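The values are calculated or read from the model by the stated rules, or taken from the named source; none is laboratory data. Predicted, not measured: the structure shown is a model, and the values here were computed from it. Here Cβ is always computed from backbone atoms with ideal geometry, including for glycine, and neighbour counts include all displayed protein chains. To get the accessible areas, we keep the full protein, side chains included, count just its heavy atoms, and leave off ligands, DNA and RNA. Shrake-Rupley method; radii C 1.70, N 1.55, O 1.52, S 1.80 Å.
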Amino acid sequence: SFEDSYLTLACHAALPLILTPELVNYLRNRFMPGEVPWVAEADLLLSDLCREVGYETYAMEPDVRSFLINELQQRFGQKRMQDVARLMVNYVRHLARNSPTARQYELQTQQWAALAYLDDQRSQTVKELAESLKACLAELGQPGNSQADANQAEIIRLSRIVEDLKSQLKDYPDLIKY
């Protein structure tokens, strides 16, 4: 029921794992200035494509993300995907420096998601994900671990990140299987 420009915005917004109104606005202004009306930002976040996961934070279901990312690649090519990923890396770095209220794990998730799309950074991302999983599993196995619930939650979070990035990490089947 919306014009084609809304689909363009949705495709670009599919690359980050976590969306905020500020981030969607940033993507629209950077890649679609004058092409997409500002109201499309709210329409996207409040649509059935996104679900609220926290205060002013939204996420797309993995199947929806996958479809929209494929659409982004078909419409704009690999270079555009990497441009969006680089923009995300810069955005995360900016938030880390300038936003004391930003939650560290959300920034790390966003950075991993962006770096997974960059050919020269993907192996480092895989290494960091694997090391984080190993560390959590090692701590979980420690007798008398008072942080067992937190470690289990972190393992679930990391597993979801790997699952969400499965198509970008297809050259690393051991991590996906792990």
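Filter region 37-75 for residues that are in contact with a helix residue (DSSP H, G or I) (Cβ under 7 Å, 6 or more places away or on another chain) and over 25 Å from Ser167 (Cβ atoms) and give the result.
Ala40, Glu41, Asp43, Glu56
Hand me the list of helices (runs of 4 or more DSSP H) wholly inside region 8-117 holding 3 or more residues that are of a type in the set (Val, Ile, Thr), in contact (Cβ under 8 Å) with a residue 12 or more places away in the chain and open to solvent by less than 50 Å² (accessible area, probe 1.4 Å).
78-98
Could you tell me whether any residue of region 146-157 is over 17 Å from the mean Cα position of the chain (by Cα), part of a loop (DSSP other than H, G, I, E, B), more than 19 Å from Leu15 (Cβ to Cβ) and modelled with pLDDT under 85?
Within region 146-157 (the criterion being over 17 Å from the mean Cα position of the chain (by Cα), part of a loop (DSSP other than H, G, I, E, B), more than 19 Å from Leu15 (Cβ to Cβ) and modelled with pLDDT under 85), the answer is yes, since at least one residue qualifies.
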